[in-house]
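> I have a structure here, written as structure tokens, and I will follow up with some questions on it.
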Amino acid sequence: MASDEDAWIMCGMRADAYTETDGGRILGFVRADDLLEPVLSRNFNGEISEELDPGVICRVICRWRSRQDEEHAVETLVKERNGWIWPVLCQSYILSLHYVIGSNQSYLDILHIRYYNNISPTLPYLLALDLKLILSKLHRACLAQSPLDPIMPDDISYLLEPELSFLCVPKSDMKVFGPFQSLLDPLLTSLGIPKPDDTINEIVIPCFSRQLPAITPLFPKARILGAVQNRCRAQLSLRTVSMMPDVGGSPLHLKLSLNCQITSRLRTISPYAAALVPAVGKILQSLLPQDLWIFEEAASVTGSQEDFDQACQLTCIIRKCPEKRAADMGETLIPVAGLLQKPFNDARTYLEIIFGLDGVKVTQAWFRKYLTKLFSLIFPPMIRHGIYFEAHSQNILVRVNLTSKEISGFALRDFDGIGIHYPTFLRHPNNKNALKEIPPGARTLTDNLPRMWQLVHHALLQVHVGHLLYMLGLESKGGWRIVREELERALNPSGDPDGRALYDYWLKETMLSKCFLEMRLRDAYVKKYEREMPNILLRNA
């Protein structure tokens, strides 16, 4: 129960839920899936009722805060909760899925994903309904920003198979990085998009048709060469698309600006992110372990305006997918976030189904093997070269052998979440020239080693590994003990001073953790808000 003197909210919690407490006061993380209905609330008039409206619950929680100058932020947040929010948000508020969906059978049909006992190369597409990071359920929303049209429930199918428009824009209005046009040309031919009249001074740029109202006022010389429907599928982030199999077998993924708030951020793409693409790709190709592949971001284009809020409205990053490379080796690539989902009307995750995890000991052994492989690939670049990855379950894909169903490695995507601790990086003389291509002021470079470690703790350990063991039912069955043992094995703190420093930092009693709802309320004052919480790595169940 949470309350102040006048109002309170009370709900149940699963008997096997794990959280840190102090005399009945909850100190640590409470997972949304561990909260149970009914939700009872007492309003400021003393009336007690069962509450299913997320806006009402949000308003009561926010009213407990003492900052009166956040009134506008509270009302904005409540309005968003009462607008179209992904149904999984309602899970965070302990709502019934049937209450939210009502009689909308078409949406239930979309959620009814068939599963396969045999892995196939098409499985990543079947799992593409995982709508962003698992940790962020509380603030998961999809809110179009003006001048885009609002996103309503009936638009789901459109978001999953969006219409693309192809613009012809003067090169003087854009900044181009890498061989953008030459990489894009085969795709344009396959889609039947004509070339511009002046190929010397003009460039073709794809965008979401939904994004056009935000683009055309800022790029008045742009003209539409053509548009295509039902030729691509959205990936987990919704702003990256893969071509349908019949589009010439294109290996390219297109990451496109979308002026919508999805979870905590606007999903436009900054000019900084576009500029980093070729440089980061070259660095990673030469320094990553053999079994850690990358989705190479080979070229990009963005607006040339000095105002980045304008330039970011028309950005495209071309990403090369290693799916054919995997197929040639008898493997398939599956997003970790997809594996953590469950087929409709089935209590098992795809992870349990595919890998045959049918008992605690079998699951523990598989989980340990998974961590051994994952840590052996993620940690060496970080410790030796200062390269860290935002290795949450959306950015990491598992490479699975189709015959043995063994994990042969991983693949990394989204260069925007990569950082380099340059004092560590420059300890190696061969690395010095590589940083010359990083744009000045890019947030990719840092000299703050503890901050880097904290970011990896959040994305890799708390979000990726933490949710994985939770979905496997290991949080109360020795899961975190296995994580600590595998961390010690991988970091070798007794024999490696660099490993010791990282190991000691990650096993502190408390760690800074992101507070998403607090960030939303303080949006006018700070861009992020964190506070010390019990370190999830130290859970002992």
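> Has the stretch 461-469 got any residue that is touching a Ser or Thr at 6+ places or on another chain (Cβ under 6 Å), in contact (Cβ under 8 Å) with a residue 40 or more places away in the chain and not assigned by TED's automatic domain parsing to the domain that holds VAL280?
Yes, that holds for at least one residue.
Residues are listed down the side, and each one gets a yes or a no for (1) in a helix (DSSP H, G or I); (2) among the charged types (D, E, K, R):
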residue: PRO439; (1), (2): no, no
residue: ARG451; (1), (2): yes, yes
residue: HIS457; (1), (2): yes, no
residue: GLN462; (1), (2): yes, no
residue: VAL465; (1), (2): yes, no
residue: GLU485; (1), (2): yes, yes
residue: ARG489; (1), (2): yes, yes
residue: ASP498; (1), (2): yes, yes
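> Taking the stretch 401-416, which residues are modelled with pLDDT under 95 and touching a Leu at 6+ places or on another chain (Cβ under 9 Å)?
Scanning the stretch 401-416 gives ARG413, PHE415, ASP416.
> Do we find that ALA222 is modelled with pLDDT of 95 or more and in contact with a Pro (Cβ under 7 Å, 6 or more places away or on another chain) in this structure? Step through it out loud before you land on a result.
Numbers: modelled with pLDDT of 95 or more: yes; in contact with a Pro (Cβ under 7 Å, 6 or more places away or on another chain): no.
Taking the combined requirement at face value, the residue does not satisfy it.
> I would also like to ask the following. Test each condition in (1) more than 24 Å from GLU530 (Cβ to Cβ); (2) modelled with pLDDT of 90 or more for LEU435 and report the one that comes out false.
Against the list (1) more than 24 Å from GLU530 (Cβ to Cβ); (2) modelled with pLDDT of 90 or more, LEU435 comes up short only on (2).
> Return the only residue of ARG489, ARG451, ARG500, ARG481 being under 23 Å from the mean Cα position of the chain (by Cα) and either closer than 27 Å to LEU397 by Cα or charged (D, E, K, R) (or both). Steps first, please.
On the way: ARG489 fails: under 23 Å from the mean Cα position of the chain (by Cα); ARG500 fails: under 23 Å from the mean Cα position of the chain (by Cα); ARG481 fails: under 23 Å from the mean Cα position of the chain (by Cα).
That would be ARG451, the only listed residue that is under 23 Å from the mean Cα position of the chain (by Cα) and either closer than 27 Å to LEU397 by Cα or charged (D, E, K, R) (or both).
> Being of a type in the set (Val, Ile, Thr), closer than 22 Å to PRO179 by Cα and either out of contact with any Lys or Arg (no Cβ under 9 Å at 6 or more places or on another chain) or surrounded by fewer than 21 Cβ atoms within 10 Å (Cβ to Cβ) (or both) narrows it down to one of VAL204, VAL247, so name that one.
VAL247 is the lone residue from the list that is of a type in the set (Val, Ile, Thr), closer than 22 Å to PRO179 by Cα and either out of contact with any Lys or Arg (no Cβ under 9 Å at 6 or more places or on another chain) or surrounded by fewer than 21 Cβ atoms within 10 Å (Cβ to Cβ) (or both).
> Please identify the pairs in which a residue from the stretch 306-318 that is more than 22 Å from VAL241 (Cα to Cα) has its Cβ atom under 8 Å from the Cβ atom of a residue that is modelled with pLDDT of 95 or more and part of a loop (DSSP other than H, G, I, E, B), counting only partners at least 6 apart or on another chain.
These pairs meet every condition: GLN310/LEU218.
> Among the residues of the stretch 480-501, what is the count of those that are farther than 23 Å from VAL463 by Cβ and touching a residue at least 12 places away in the same chain (Cβ under 8 Å)?
Qualifying residue count for the region: 2.
> Counting just the residues of the stretch 293-331 that are out of contact with any helix residue (DSSP H, G or I) (no Cβ under 8 Å at 6 or more places or on another chain) and assigned to a loop (DSSP other than H, G, I, E, B), which one comes out surrounded by the fewest Cβ atoms within 10 Å (Cβ to Cβ)?
GLU306
> Can I ask one more? Can you pull out the residues in the stretch 1-31 that are hydrophobic (A, V, I, L, M, F, W, C), buried (at least 16 other Cβ atoms within 10 Å of the Cβ) and modelled with pLDDT under 85?
ALA7, TRP8, ILE9, PHE29
> Restricting to the stretch 176-190, give me the number of residues that are assigned to a strand (DSSP E or B) and either surrounded by 17 or more Cβ atoms within 10 Å (Cβ to Cβ) or without any contact (Cβ under 8 Å) to a residue 60 or more places away in the chain (or both).
So the answer is 1.
> Report yes if some residue within the stretch 216-226 is among the charged types (D, E, K, R) and within 14 Å of CYS316 (Cβ to Cβ); otherwise report no.
No.
> Okay, next question. Only one of these is without any contact (Cβ under 8 Å) to a residue 60 or more places away in the chain, in the same structural domain as GLN310 (by TED's automatic domain parsing) and β-branched (Val, Ile, Thr): ILE193, ILE205. Name it.
ILE193
> Turning to a different aspect of this structure: Could you tell me which residue of the stretch 316-348 is farthest from PHE180 (Cα to Cα), considering only residues that are within 19 Å of the chain's Cα centre (by Cα) and of a type in the set (Val, Ile, Thr)? Walk me through how you get there before you give the answer.
Taking the stretch 316-348 as the starting set, the residues that turn out to be within 19 Å of the chain's Cα centre (by Cα) are 316-321, 333-342.
Narrowing further to those that are of a type in the set (Val, Ile, Thr): 317-318, 334, 336.
Details: ILE317: 9, ILE318: 7, ILE334: 27, VAL336: 29 Å.
Checked the stretch 316-348; the qualifying residue farthest from PHE180 (Cα to Cα) is VAL336.
> Just to be sure, is LEU131 outside the structural domain of VAL400 (by TED's automatic domain parsing) and either at pLDDT below 95 or assigned to a loop (DSSP other than H, G, I, E, B) (or both)?
yes
> Moving on. Just to be sure I understand, how many residues within the stretch 244-292 are in contact with a helix residue (DSSP H, G or I) (Cβ under 7 Å, 6 or more places away or on another chain) and part of a loop (DSSP other than H, G, I, E, B)?
11
> For the stretch 472-483, what are the residues that are part of a helix (DSSP H, G or I) and either outside the structural domain of SER513 (by TED's automatic domain parsing) or surrounded by 21 or more Cβ atoms within 10 Å (Cβ to Cβ) (or both)?
Filtering the stretch 472-483 for residues part of a helix (DSSP H, G or I) gives 479-483.
The answer is GLY479, TRP480, VAL483.
> Would you mind telling me which numbered condition in (1) at positive phi; (2) under 21 Å from the mean Cα position of the chain (by Cα) GLY466 fails?
(1)
> Ok, one more. If you go through the stretch 387-432, how many residues are small (Gly, Ala, Ser), more than 16 Å from MET452 (Cβ to Cβ) and either touching a residue at least 40 places away in the same chain (Cβ under 8 Å) or buried (at least 16 other Cβ atoms within 10 Å of the Cβ) (or both)?
Number of matching residues: 4.
> Here is a further query. Residue by residue through the stretch 371-419, note down the ones that are part of a loop (DSSP other than H, G, I, E, B) and not polar (S, T, N, Q).
GLY386, PHE389, GLU390, ALA391, HIS392, LEU402, LYS405, GLU406, ARG413, ASP414, ILE418, listed by residue number.
> Do the conditions hold for MET471, that is, is it more than 18 Å from the chain's Cα centre (by Cα) and within 22 Å of TYR370 (Cβ to Cβ)? Before you say what the answer is, go through the steps one by one.
Numbers: more than 18 Å from the chain's Cα centre (by Cα): no; within 22 Å of TYR370 (Cβ to Cβ): yes.
Answer is no for this residue.
> Right, something else. Please specify each residue of the stretch 223-243 satisfying the condition of being crowded, with 16+ Cβ neighbours inside 10 Å and in a loop (DSSP other than H, G, I, E, B).
Hits for the stretch 223-243 are ARG231, GLN235, LEU236, SER237, LEU238, ARG239.
Every residue, every condition in (1) free of Cβ contacts under 8 Å to residues at least 40 places away in the same chain; (2) not in a strand (DSSP E or B), yes or no:
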site	(1), (2)
MET10	yes, no
TYR18	no, yes
VAL30	yes, yes
PRO38	yes, no
ASN45	yes, yes
SER49	yes, no
ILE57	no, yes
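The values are calculated or read from the model by the stated rules, or taken from the named source; none is laboratory data. Model, not experiment: these values are computed from the prediction. Please note: Cβ atoms are built from the backbone with ideal geometry, for glycine as well, and neighbour counts cover all protein chains shown.
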